[in-house]
Amino acid sequence: MNSDRAKVQAELDSVEAELKVVELQLAELLKKQARLTSNRKQLLRRLEKPCDSTQPSGSGPAMTKQELLRYEKDDFPWSTELKQSLKDVFQLSKFRPLQLKAINLSMSGKDLFLVMPTGRGKSLCYQLPAVCSEGFTLVVTPLVSLIEDQLMYLKSIDVEAVSLNASSSKEHAKMVLAEITDTKVPFKLLYVTPEKIVKSKLLMSRLEKAYSAGRLSRIAVDEVHCCSQWGHDFKPDYKLLEILKRQFPKVPLLGLTATATSSVLKDCQKILCVPEPITLTASFNRTNLYYEVRFKDSNSDDSISDISALIKERYKDQSGIVYVFSQKDAETVSADLQKNGVKVSPYHANMNPEDKSQVHRKWATNKIQVVVATVAFGMGIDKADVRFVIHHTISKSIENYYQESGRAGRDDKPADCIVYFGFNDIFRISAMVAMEKVGQQKLLTMVDYCQNVDRCRRSVIAVHFEEAWDDGGCNKMCDVCRHGNDYITVDITQHAKDVVQIVELAGSLDEKLTPLKVTEAWMGKGPAKRRKMIQTTTLSRLEVEAIITSLLLQGYLGEDFSFTPYTTYFYLKLGGKAPLLKNQAHSITMKMRRTGLDANTEDQLAAGVKEVVVTSQSPPPVAPDNSSTPPPRHNKLIKMDKEHQNLARKQDKDHDQTESQIGDDQNDPSAAQPTAIEVDVEINIIEKVNDSASPLPPLKLNSKPNSTTPQKKRRKPCTAAVPAPSEGAVTDSDHQRSALVNSPSQVSIISEAAVDELCDLRNYYSKQLRRINYISHEYLQNQGCSDPGVLACIREPLKSLRLPRGSTIARTARNLWTRVSSRRKLIQR
């Protein structure tokens, strides 16, 4: 009875597991259906309005296309004054697309949301109406740097403007508050931060008096997306700006942004209490910007050197911005660039207001070339000749990146937008946005933008901003379109199962693993007990990180956070799609660049091969003596990781010093070996011992044997060394560029070619050690030694080597050399 019940329970568990897999598959299909439906609607909308760059939002009032076209005309009562002010005050000859329509709507008293790319003249849409209207315009903007930038520009064209913010002096604030209620207001624009509106009751009372007197002509809310929690840069004080429309219902409101989606705009409409706004949306595309993604190594010095070279060579004497993650990074990167001869200054929110203003002015007047800044230096910065914007760390969302990179090329001339993408950056930013409503979702979209190798960069941005996109519109102004189909598709199903096994094992042991721990565990590092329970990999670190990132993006891994009083920790857990890997028919693929792969490696990648070998072009070693020549090695070598290469360099130096003492016959340049994980042991072989011809010194026996364990302070130059890389050997830079190439760790499973080679070496070294044992024991007997145990050693030191599993080559070779070296020293005494 119990056995039947157990069978039924097992069958029930199997059915439930299968149902869970089916539910996940259904969820995946539903997501795909929603995505395709959205794309179809966008394409249909594009067919209906192929020539209309203005897209009224569904959130606004029903306004026909003909009614909107009317506002593009110049027959309004204020049109003549607009044209004259545009030419005389702003020194412009014509309007850019949507500017005239937006200005006419605002002058007509309509509430308006304007979505326009950075550098397309959003500011003019409230500055020009302010100049042509009675009274003043209230401008709410989130950053002091933006206010300072606007004030500098308006002062240069003789337009009176003032500001109020937390850094304003008491005297200045008192003067501005008095002028608000003056019958003849001396300024046309009043810039304030949202905090000032919310916290200053005196300011609100003065604005009410100005409203009653008819001197408050317009309210402009810049970066209006900050109102919404769905926006990329939500600010709590923006949510309280609903008081403006409630207290001043007859004043037209103009909301401006470059990065709001339709859902964000609907949220802003509710928050600001704007009942029926008209929404004008221009295309996000700026044809003069070149988008590029570069992968950043864990060694930050490399990325700094690369950035320095770009600034000093490609962008010599050209203005630009380098964005960083934190205030500390701003100081550090700025100092490093200064050491490399770049005129640069940091900019972040924790600086003194005077210092920030000074840096801003120096950069605006080209006294310094580059500003290394956090996001505090971003929105609204209007410098026309910025030729490059470099992100040392990825942005936290596509909107942030689009906003920050939009500082470049505002004069419509070519400019570059380069982002450096590193594996660790994902989790630094993820911990920062953990408390945001959709922070993780937006971050993963940005990571997908960086990982993408097969789609136009602009198409990824277009999908986010809900705009239909044709890749032909890019005109090779992104790295993906410029390099063509330079990628291959690789099956990573088995790799995914290995990673999921590691995370699953940690969960069963009630442990949490950070991404770094998962990476190291998969590469064979960490506790030995865990290594015995998992399948390790021979992939390079960059490839391991790329696969883990891809699994995170595809939902096979998920995020888990732990909060402490001082920081937030990021851990990996099983994602919702992890159970799908139990289905043998389920497969996972990822796309990766083909650049840097030879033909053989590429074919193996395409077939999903895990073990990839690199063929060396070096000639085989020339042996001086047939009797002691090890068998010829295979031409296929296993690529070394960094630890082995560092050991090789150090031992190679000692090896050269020893060879110079042994003789010239050991210095043949043709004996240089390709880079491999091996140890060459040189042994002096004595064919015959003749006491009279070559007497050996007497053996000194100690009551306590000397330790043969190598010590750092007493380390002698040894003749066992890993040879230096030959001309055709694989170098460390090749190791980083190659894709899915072996980098054996201490627990890696080696290739078949290396197995055969090591078996031959084992036989060779065992033969030589038997000869040494025979000669040494014969010598000891002749000397009448009573304690031969002093020289006792294993006659076959590689006997314990289990291939392809078991102890590693490097460790066994080191033990071998220790035994051979100690025996040799005692014989020579």
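Can you sort Ser168, Ser133 by how many other beta carbons sit within 10 Å, fewest first?
Ser133, Ser168
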- Query: With r defined as the distance between the Cβ atoms of Ala178 and Gln91 and R0 fixed at 30 Å, what FRET efficiency is calculated, to the nearest 0.05?
  - Reply: 0.40
- Query: Quick one: Karplus J couplings for region 89-99, per residue in order, coefficients 6.51, -1.76, 1.60, θ = phi - 60°, nearest Hz, x for Gly and Pro?
  - Reply: 8, 8, 6, 10, 9, 8, 8, 8, x, 6, 5
- Query: If one puts a single equal scatterer on every Cα of region 65-281 and applies the Debye formula without solvent, what log₁₀ I(q)/I(0) results at q = 0.08, 0.16 Å⁻¹?
  - Reply: -0.25, -1.12
- Can you list residues whose amide H is under 5 Å from Phe295's amide H, if they're 5+ apart or on another chain and H is modeled 1.01 Å from N? Phe421
- Query: Equivalent-ellipsoid semi-axes (√(5λ), Cα gyration tensor) for region 1-46, whole Å, largest first?
  - Reply: 44, 4, 4
- Can you give the Rg and Dmax of region 160-293 based on its C-alpha atoms, in angstrom? 16.7, 55
- Cβ crowding within 10 Å averaged over residues, with 488-500, 427-439 ranked highest first: 488-500, 427-439
- Averaging 1/r across every pair of distinct alpha carbons in region 489-593 and inverting yields a Kirkwood hydrodynamic radius, in angstrom, of 14.2 Å
- Task: Could you list the GluC sites (Glu not before Pro) in region 454-543 that lie in coil according to DSSP, counting only those with at most 13 other Cβ atoms within 10 Å of their Cβ?
- Result: Glu511
- Using 0.36 nm per residue of separation minus the Cα-Cα distance, give me the extension gain between Asp302 and Ser562 in nm, one decimal. 90.5 nm
- Message: I'd like to compare 202-208, 67-73: which one has the highest average count of other Cβ atoms within 10 Å, and what's the full order after that?
- Response: 202-208, 67-73
- Message: Suppose each label sits 7 Å from its Cα in the direction of the beta carbon; what would the Gln501-Ala10 distance come out to in nanometres?
- Response: 2.2 nm
- Item | Hydrodynamic radius by Kirkwood, which averages 1/r over all alpha carbon pairs of region 299-419, in angstrom | 14.1 Å
- Task: Quick one: which residues, 5+ away or cross-chain, put their amide H under 5 Å from the amide H of Cys478? H built at 1.01 Å from N.
- Result: Tyr291
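Holding the Cα-Cα limit at 28 Å, pick out from Lys73/Lys209; Lys442/Lys577; Lys199/Lys442; Lys532/Lys582; Lys266/Lys328 the pairs that are longer than that.
Lys73/Lys209; Lys199/Lys442; Lys266/Lys328
No lab work stands behind these numbers, since they all come straight from the coordinates. Keep in mind that this is a model prediction, so the values were computed, not measured. In this analysis, Cβ positions are derived from the backbone assuming ideal geometry, glycine residues included, and neighbour counts consider all displayed protein chains.
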